[in-house]
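The values are calculated or read from the model by the stated rules, or taken from the named source; none is laboratory data. Since the model is a prediction, treat every value here as computed from it, not as a measurement. Positions of Cβ are backbone-derived with ideal geometry, glycine not excepted, and every protein chain shown enters the neighbour counts. The area values use the complete protein model at the heavy-atom level, side chains included, leaving out ligands, DNA and RNA. Shrake-Rupley method; radii C 1.70, N 1.55, O 1.52, S 1.80 Å.
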Amino acid sequence: MKKRILTGDRPTGKLHIGHYYGSIKNRVKLQHEYELFYLVADVQALTDNFDNPQKVRDNIYNVIKGNLACGIEPENVTCIIQSLIPQTAELTIFYANLVSIQKLGHNPTVKSEMAQKGMDESTPLGFFMYPVSQAADITIVEANLVPVGVDQAPMIEDTREIARKFNQIYGDTIVLPEALYGATHNLVGTDGNAKMSKSLNNCIYLDESEETLRKKIMSMRTDPKRIHATDSGETEGNPVFIYHDAFNPNLEEVEDLKSRYKVGTVGDVEVKEKLYIAVNEFLKPIREKYIEFDKNDDLIKQIAHDGTEKARKIAEETMKKVRAAMKIDY
Ligand code: TRP
(Lines give C-alpha, C1' and ligand atoms only; values in the text may rest on other atoms or scores of the structure.)
Protein backbone atom coordinates (compact mmCIF):
# COMPACT_ATOMS: atom_id res chain seq x y z
CA MET A 1 0.00 0.00 0.00
CA LYS A 2 1.30 3.42 -0.96
CA LYS A 3 1.60 5.95 1.82
CA ARG A 4 -0.74 8.91 1.62
CA ILE A 5 0.53 12.47 1.32
CA LEU A 6 -1.49 15.61 1.93
CA THR A 7 -0.24 18.85 0.46
CA GLY A 8 -2.04 22.11 -0.17
CA ASP A 9 -2.16 25.77 -1.07
CA ARG A 10 -4.17 28.71 0.13
CA PRO A 11 -6.05 30.10 -2.86
CA THR A 12 -5.10 33.75 -2.47
CA GLY A 13 -3.45 34.49 -5.81
CA LYS A 14 -2.27 33.11 -9.11
CA LEU A 15 0.60 30.66 -8.84
CA HIS A 16 4.13 31.73 -9.77
CA ILE A 17 7.47 30.07 -10.43
CA GLY A 18 8.22 30.31 -6.71
CA HIS A 19 5.33 27.91 -6.11
CA TYR A 20 6.64 25.66 -8.87
CA TYR A 21 10.19 25.59 -7.55
CA GLY A 22 9.07 25.55 -3.93
CA SER A 23 6.54 22.73 -3.94
CA ILE A 24 4.79 21.83 -7.20
CA LYS A 25 7.92 20.40 -8.83
CA ASN A 26 8.25 18.05 -5.90
CA ARG A 27 4.55 17.15 -5.95
CA VAL A 28 4.81 16.17 -9.59
CA LYS A 29 7.49 13.70 -8.61
CA LEU A 30 5.70 12.46 -5.47
CA GLN A 31 2.45 11.72 -7.31
CA HIS A 32 3.96 8.52 -8.72
CA GLU A 33 5.54 7.29 -5.50
CA TYR A 34 2.68 8.04 -3.12
CA GLU A 35 -1.04 8.47 -2.99
CA LEU A 36 -1.19 12.26 -3.29
CA PHE A 37 -4.01 14.44 -2.01
CA TYR A 38 -3.98 18.10 -2.94
CA LEU A 39 -6.01 20.45 -0.75
CA VAL A 40 -7.23 23.85 -1.92
CA ALA A 41 -7.36 25.47 1.49
CA ASP A 42 -10.13 28.02 0.99
CA VAL A 43 -11.28 27.86 4.63
CA GLN A 44 -7.75 28.65 5.78
CA ALA A 45 -7.43 31.40 3.14
CA LEU A 46 -10.56 32.99 4.60
CA THR A 47 -9.05 33.17 8.09
CA ASP A 48 -7.16 36.28 7.05
CA ASN A 49 -9.25 37.17 3.99
CA PHE A 50 -12.72 36.87 5.51
CA ASP A 51 -13.47 40.39 4.28
CA ASN A 52 -12.53 39.50 0.70
CA PRO A 53 -14.34 36.27 -0.19
CA GLN A 54 -14.31 37.10 -3.90
CA LYS A 55 -10.52 36.93 -3.93
CA VAL A 56 -10.56 33.44 -2.44
CA ARG A 57 -13.34 32.33 -4.76
CA ASP A 58 -11.51 33.64 -7.84
CA ASN A 59 -8.34 31.77 -6.99
CA ILE A 60 -9.71 28.31 -6.24
CA TYR A 61 -9.59 27.25 -9.87
CA ASN A 62 -6.39 29.24 -10.49
CA VAL A 63 -4.38 27.12 -8.07
CA ILE A 64 -5.78 23.88 -9.47
CA LYS A 65 -5.03 25.00 -13.04
CA GLY A 66 -1.51 25.99 -12.03
CA ASN A 67 -0.80 22.59 -10.51
CA LEU A 68 -2.26 20.74 -13.50
CA ALA A 69 -0.32 22.90 -15.96
CA CYS A 70 2.89 21.94 -14.14
CA GLY A 71 2.21 18.24 -14.53
CA ILE A 72 -0.06 17.17 -11.70
CA GLU A 73 -2.16 14.37 -13.18
CA PRO A 74 -5.78 14.23 -12.04
CA GLU A 75 -5.78 10.45 -12.42
CA ASN A 76 -3.00 10.26 -9.81
CA VAL A 77 -3.93 13.13 -7.53
CA THR A 78 -7.07 13.75 -5.48
CA CYS A 79 -7.93 17.48 -5.60
CA ILE A 80 -9.98 18.59 -2.61
CA ILE A 81 -11.80 21.83 -1.91
CA GLN A 82 -11.49 22.27 1.85
CA SER A 83 -14.82 23.98 2.51
CA LEU A 84 -16.70 21.13 0.84
CA ILE A 85 -15.63 18.74 3.60
CA PRO A 86 -17.69 20.10 6.52
CA GLN A 87 -16.54 17.14 8.63
CA THR A 88 -13.23 18.98 8.97
CA ALA A 89 -14.98 21.83 10.78
CA GLU A 90 -16.53 19.30 13.14
CA LEU A 91 -13.18 17.69 13.92
CA THR A 92 -11.61 21.14 14.40
CA ILE A 93 -14.08 21.87 17.20
CA PHE A 94 -13.19 18.64 19.02
CA TYR A 95 -9.46 19.24 18.51
CA ALA A 96 -9.83 22.75 19.93
CA ASN A 97 -10.40 21.12 23.35
CA LEU A 98 -7.02 19.44 23.19
CA VAL A 99 -4.69 22.38 22.77
CA SER A 100 -4.15 25.40 24.99
CA ILE A 101 -4.20 29.03 23.93
CA GLN A 102 -0.64 29.31 25.28
CA LYS A 103 0.58 26.44 23.18
CA LEU A 104 -1.00 27.85 20.01
CA GLY A 105 0.53 31.22 20.78
CA HIS A 106 3.97 29.64 20.52
CA ASN A 107 3.58 28.50 16.92
CA PRO A 108 6.39 30.51 15.26
CA THR A 109 4.71 30.63 11.84
CA VAL A 110 1.47 32.02 13.22
CA LYS A 111 3.44 34.43 15.41
CA SER A 112 5.36 35.87 12.49
CA GLU A 113 2.25 36.06 10.32
CA MET A 114 0.48 37.95 13.10
CA ALA A 115 3.38 40.40 13.33
CA GLN A 116 3.52 40.80 9.55
CA LYS A 117 -0.19 41.51 9.32
CA GLY A 118 -0.06 43.88 12.28
CA MET A 119 -2.75 41.90 14.10
CA ASP A 120 -1.45 42.70 17.60
CA GLU A 121 -4.26 42.42 20.13
CA SER A 122 -6.98 42.00 17.53
CA THR A 123 -6.01 38.65 16.06
CA PRO A 124 -9.17 36.93 14.84
CA LEU A 125 -9.76 33.64 16.67
CA GLY A 126 -10.18 31.81 13.37
CA PHE A 127 -6.75 32.89 12.21
CA PHE A 128 -5.12 32.17 15.56
CA MET A 129 -6.40 28.62 15.56
CA TYR A 130 -5.82 27.74 11.91
CA PRO A 131 -3.15 25.20 12.96
CA VAL A 132 -5.96 23.31 14.73
CA SER A 133 -8.00 23.28 11.57
CA GLN A 134 -4.91 22.22 9.62
CA ALA A 135 -4.48 19.33 12.07
CA ALA A 136 -8.03 18.33 11.17
CA ASP A 137 -7.30 18.65 7.40
CA ILE A 138 -4.37 16.30 7.73
CA THR A 139 -5.78 13.69 10.06
CA ILE A 140 -9.30 13.52 8.67
CA VAL A 141 -7.95 11.98 5.46
CA GLU A 142 -5.47 9.89 7.48
CA ALA A 143 -2.45 11.35 5.71
CA ASN A 144 0.87 9.68 6.60
CA LEU A 145 3.11 12.43 5.32
CA VAL A 146 3.00 16.18 4.78
CA PRO A 147 5.76 17.87 2.74
CA VAL A 148 7.07 20.83 4.72
CA GLY A 149 9.60 23.61 4.64
CA VAL A 150 10.52 25.70 7.66
CA ASP A 151 7.22 27.53 7.82
CA GLN A 152 4.96 24.48 7.78
CA ALA A 153 6.98 22.31 10.18
CA PRO A 154 5.33 23.82 13.30
CA MET A 155 1.92 22.84 11.90
CA ILE A 156 2.93 19.20 11.85
CA GLU A 157 4.27 19.45 15.38
CA ASP A 158 0.95 20.90 16.57
CA THR A 159 -0.92 18.25 14.59
CA ARG A 160 1.07 15.41 16.13
CA GLU A 161 0.59 16.78 19.62
CA ILE A 162 -3.18 17.10 19.17
CA ALA A 163 -3.43 13.64 17.58
CA ARG A 164 -1.37 12.06 20.35
CA LYS A 165 -3.53 13.67 23.00
CA PHE A 166 -6.70 12.51 21.26
CA ASN A 167 -5.44 8.94 21.16
CA GLN A 168 -4.37 9.08 24.80
CA ILE A 169 -7.73 10.27 26.03
CA TYR A 170 -10.16 8.54 23.68
CA GLY A 171 -8.15 5.52 22.55
CA ASP A 172 -6.16 4.89 19.41
CA THR A 173 -8.14 6.52 16.60
CA ILE A 174 -6.11 9.16 14.78
CA VAL A 175 -3.30 8.35 12.33
CA LEU A 176 -0.19 10.27 13.34
CA PRO A 177 1.28 12.12 10.34
CA GLU A 178 4.95 12.80 9.77
CA ALA A 179 6.65 15.78 8.18
CA LEU A 180 8.41 15.09 4.91
CA TYR A 181 11.44 17.34 5.20
CA GLY A 182 13.54 18.57 2.31
CA ALA A 183 10.48 18.49 0.13
CA THR A 184 10.01 22.24 -0.23
CA HIS A 185 12.37 25.04 -1.21
CA ASN A 186 12.29 28.77 -1.27
CA LEU A 187 12.82 30.95 -4.33
CA VAL A 188 13.77 34.63 -4.01
CA GLY A 189 11.69 37.27 -5.76
CA THR A 190 12.89 39.09 -8.89
CA ASP A 191 13.89 41.96 -6.58
CA GLY A 192 16.04 39.69 -4.42
CA ASN A 193 13.56 39.67 -1.53
CA ALA A 194 13.70 36.35 0.32
CA LYS A 195 10.17 35.48 -0.75
CA MET A 196 8.36 35.68 -4.06
CA SER A 197 5.01 37.16 -3.20
CA LYS A 198 2.20 38.95 -4.95
CA SER A 199 2.11 41.73 -2.36
CA LEU A 200 5.81 42.45 -2.99
CA ASN A 201 5.23 42.65 -6.75
CA ASN A 202 8.27 40.46 -7.44
CA CYS A 203 6.64 37.43 -9.07
CA ILE A 204 6.88 35.63 -12.38
CA TYR A 205 3.55 33.92 -12.95
CA LEU A 206 3.09 30.49 -14.51
CA ASP A 207 1.10 31.97 -17.39
CA GLU A 208 3.35 35.02 -17.83
CA SER A 209 3.49 36.17 -21.48
CA GLU A 210 6.86 36.18 -23.24
CA GLU A 211 6.78 39.95 -23.36
CA THR A 212 6.25 40.55 -19.62
CA LEU A 213 8.59 37.69 -18.74
CA ARG A 214 11.30 39.41 -20.73
CA LYS A 215 10.62 42.76 -19.06
CA LYS A 216 10.64 41.23 -15.60
CA ILE A 217 13.89 39.37 -16.15
CA MET A 218 15.66 42.31 -17.78
CA SER A 219 14.85 44.45 -14.75
CA MET A 220 15.85 41.84 -12.18
CA ARG A 221 18.14 42.72 -9.36
CA THR A 222 21.75 41.51 -9.64
CA ASP A 223 24.85 42.28 -7.56
CA PRO A 224 24.21 45.87 -6.39
CA LYS A 225 27.92 46.50 -5.81
CA ARG A 226 28.81 45.78 -9.43
CA ILE A 227 28.64 48.98 -11.49
CA HIS A 228 30.42 48.08 -14.75
CA ALA A 229 30.50 44.85 -16.74
CA THR A 230 34.24 44.81 -16.18
CA ASP A 231 33.88 44.80 -12.36
CA SER A 232 34.10 41.45 -10.65
CA GLY A 233 30.72 40.38 -9.32
CA GLU A 234 29.16 38.10 -6.75
CA THR A 235 27.15 35.14 -8.04
CA GLU A 236 26.31 33.69 -4.64
CA GLY A 237 22.93 35.03 -3.45
CA ASN A 238 22.56 36.90 -6.73
CA PRO A 239 18.94 36.49 -7.92
CA VAL A 240 19.80 36.04 -11.62
CA PHE A 241 22.19 33.22 -10.80
CA ILE A 242 19.78 31.68 -8.30
CA TYR A 243 17.26 31.53 -11.18
CA HIS A 244 19.88 30.19 -13.60
CA ASP A 245 20.58 27.40 -11.12
CA ALA A 246 16.89 26.73 -10.68
CA PHE A 247 15.70 26.87 -14.30
CA ASN A 248 18.58 26.68 -16.78
CA PRO A 249 19.24 23.04 -17.71
CA ASN A 250 22.44 24.01 -19.57
CA LEU A 251 24.88 23.62 -16.67
CA GLU A 252 27.89 24.41 -18.82
CA GLU A 253 26.41 27.74 -19.87
CA VAL A 254 25.60 28.58 -16.23
CA GLU A 255 29.15 27.73 -15.11
CA ASP A 256 30.60 29.81 -17.93
CA LEU A 257 28.44 32.82 -17.05
CA LYS A 258 29.30 32.51 -13.38
CA SER A 259 33.03 32.34 -13.92
CA ARG A 260 32.96 35.29 -16.32
CA TYR A 261 30.76 37.27 -13.94
CA LYS A 262 33.22 36.72 -11.12
CA VAL A 263 36.13 38.12 -13.14
CA GLY A 264 34.16 40.83 -14.90
CA THR A 265 34.04 39.61 -18.49
CA VAL A 266 30.29 39.40 -18.94
CA GLY A 267 27.60 42.07 -18.77
CA ASP A 268 24.30 41.81 -16.92
CA VAL A 269 22.45 41.97 -20.23
CA GLU A 270 23.98 38.75 -21.54
CA VAL A 271 23.34 36.96 -18.24
CA LYS A 272 19.73 38.11 -18.30
CA GLU A 273 19.18 37.38 -22.00
CA LYS A 274 20.27 33.81 -21.42
CA LEU A 275 18.16 33.59 -18.31
CA TYR A 276 15.14 34.82 -20.26
CA ILE A 277 15.67 32.12 -22.87
CA ALA A 278 15.99 29.41 -20.21
CA VAL A 279 12.97 30.49 -18.16
CA ASN A 280 10.92 30.96 -21.31
CA GLU A 281 11.75 27.45 -22.50
CA PHE A 282 10.76 26.13 -19.09
CA LEU A 283 7.52 28.14 -18.98
CA LYS A 284 6.41 27.56 -22.58
CA PRO A 285 4.66 24.19 -22.09
CA ILE A 286 3.28 25.26 -18.70
CA ARG A 287 1.92 28.51 -20.12
CA GLU A 288 0.31 26.66 -23.04
CA LYS A 289 -1.34 24.10 -20.79
CA TYR A 290 -2.45 26.82 -18.39
CA ILE A 291 -4.17 28.71 -21.19
CA GLU A 292 -5.79 25.47 -22.35
CA PHE A 293 -7.11 24.72 -18.83
CA ASP A 294 -8.21 28.33 -18.52
CA LYS A 295 -10.65 27.73 -21.37
CA ASN A 296 -12.04 24.64 -19.71
CA ASP A 297 -13.57 25.52 -16.36
CA ASP A 298 -15.92 22.54 -16.61
CA LEU A 299 -12.99 20.13 -16.58
CA ILE A 300 -11.45 21.79 -13.51
CA LYS A 301 -14.82 21.73 -11.80
CA GLN A 302 -15.17 18.02 -12.52
CA ILE A 303 -11.68 17.24 -11.21
CA ALA A 304 -12.32 19.20 -8.00
CA HIS A 305 -15.74 17.64 -7.61
CA ASP A 306 -14.51 14.06 -8.07
CA GLY A 307 -11.56 14.51 -5.73
CA THR A 308 -13.64 16.21 -3.05
CA GLU A 309 -16.26 13.46 -3.24
CA LYS A 310 -13.61 10.79 -2.67
CA ALA A 311 -12.05 12.70 0.25
CA ARG A 312 -15.43 13.36 1.83
CA LYS A 313 -16.11 9.65 2.06
CA ILE A 314 -12.78 9.08 3.81
CA ALA A 315 -13.48 12.05 6.11
CA GLU A 316 -16.89 10.69 7.09
CA GLU A 317 -15.35 7.30 7.89
CA THR A 318 -12.77 8.99 10.12
CA MET A 319 -15.49 11.01 11.84
CA LYS A 320 -17.51 7.87 12.56
CA LYS A 321 -14.48 6.51 14.43
CA VAL A 322 -13.92 9.87 16.16
CA ARG A 323 -17.55 10.17 17.30
CA ALA A 324 -17.54 6.59 18.57
CA ALA A 325 -14.27 7.16 20.46
CA MET A 326 -15.68 10.36 21.98
CA LYS A 327 -18.94 8.62 22.89
CA ILE A 328 -21.04 10.97 20.79
CA ASP A 329 -22.22 8.34 18.32
CA TYR A 330 -25.83 8.56 19.45
N1 TRP B 1 -0.90 26.07 5.45
C2 TRP B 1 -0.75 25.76 4.06
C3 TRP B 1 -0.23 27.02 3.36
O4 TRP B 1 0.01 28.02 3.96
C5 TRP B 1 -2.05 25.33 3.41
C6 TRP B 1 -2.65 24.13 4.05
C7 TRP B 1 -3.86 24.07 4.71
C8 TRP B 1 -2.11 22.81 4.11
N9 TRP B 1 -4.11 22.84 5.15
C10 TRP B 1 -3.07 22.03 4.80
C11 TRP B 1 -0.94 22.23 3.64
C12 TRP B 1 -2.83 20.68 5.06
C13 TRP B 1 -0.72 20.87 3.90
C14 TRP B 1 -1.65 20.11 4.60
O15 TRP B 1 -0.07 27.05 2.17
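Couple of notes before you dig in:
- Filtering the range 12-46 to residues that are of a type in the set (Val, Ile, Thr) and within 10 Å of the ligand (Cβ to nearest atom) leaves Thr12, Val40, Val43.
- Selected residue (criterion: farthest from the ligand (Cβ to nearest atom)) from residues of the range 160-198 that are of a type in the set (Phe, Trp, Tyr) and surrounded by 15 or more Cβ atoms within 10 Å (Cβ to Cβ): Tyr170
- Given (1) closer than 23 Å to Lys117 by Cα; (2) more than 10 Å from the ligand (Cβ to nearest atom), number of the condition Gly8 does not satisfy: (2)
- Any hit, the range 185-198, residues being hydroxyl-bearing (Ser, Thr, Tyr) and in a helix (DSSP H, G or I): no
- Residue list for the range 255-302, restricted to those being open to solvent by 60 Å² or more (accessible area, probe 1.4 Å) and outside any helix (DSSP H, G or I): Thr265, Lys295, Asn296
- Lys310 vs. criteria open to solvent by 20 Å² or more (accessible area, probe 1.4 Å) and more than 22 Å from Leu39 (Cα to Cα): no
- Residue list for the range 211-229, restricted to those being part of a helix (DSSP H, G or I) and of a type in the set (A, V, I, L, M): Leu213, Ile217, Met218
- Qualifying residue in the range 10-22 (condition: within 20 Å of Asn52 (Cβ to Cβ), at pLDDT 95 or above and of a type in the set (D, E, K, R)): yes
- Within the range 179-202, residues that are over 30 Å from Glu161 (Cα atoms) have Cβ atoms under 8 Å from residues that are assigned to a strand (DSSP E or B) in these pairs: Met196/His16; Lys198/His16, counting only partners at least 6 apart in sequence or on another chain.
- Qualifying residue in the range 33-41 (condition: out of contact with any Lys or Arg (no Cβ under 8 Å at 6 or more places or on another chain) and either modelled with pLDDT under 95 or part of a helix (DSSP H, G or I) (or both)): no
- Flag for Tyr34 being among the aromatic types (Phe, Trp, Tyr) and within 18 Å of Lys284 (Cα to Cα): no
- Selection count, the range 230-254, where residues are in a loop (DSSP other than H, G, I, E, B) and open to solvent by 50 Å² or more (accessible area, probe 1.4 Å): 7
- Residue match in the range 52-59 (condition: within 13 Å of the ligand (Cβ to nearest atom), more than 17 Å from Glu309 (Cα to Cα) and within 18 Å of the chain's Cα centre (by Cα)): yes
- Lys25 part of a helix (DSSP H, G or I), open to solvent by 60 Å² or more (accessible area, probe 1.4 Å) and closer than 19 Å to Glu288 by Cα: yes
- Count of the range 18-44 residues which are more than 11 Å from the chain's Cα centre (by Cα) and among the aliphatic types (A, V, I, L, M): 4
- Selection count where residues are touching a residue at least 24 places away in the same chain (Cβ under 8 Å), open to solvent by 20 Å² or more (accessible area, probe 1.4 Å) and either among the aliphatic types (A, V, I, L, M) or out of contact with any helix residue (DSSP H, G or I) (no Cβ under 9 Å at 6 or more places or on another chain) (or both), scope the range 40-57: 2
- Helices (runs of 4 or more DSSP H) contained in the range 74-159 and holding at least 1 residues surrounded by 19 or more Cβ atoms within 10 Å (Cβ to Cβ), of a type outside the set (A, V, I, L, M) and more than 13 Å from the ligand (Cβ to nearest atom): 87-95
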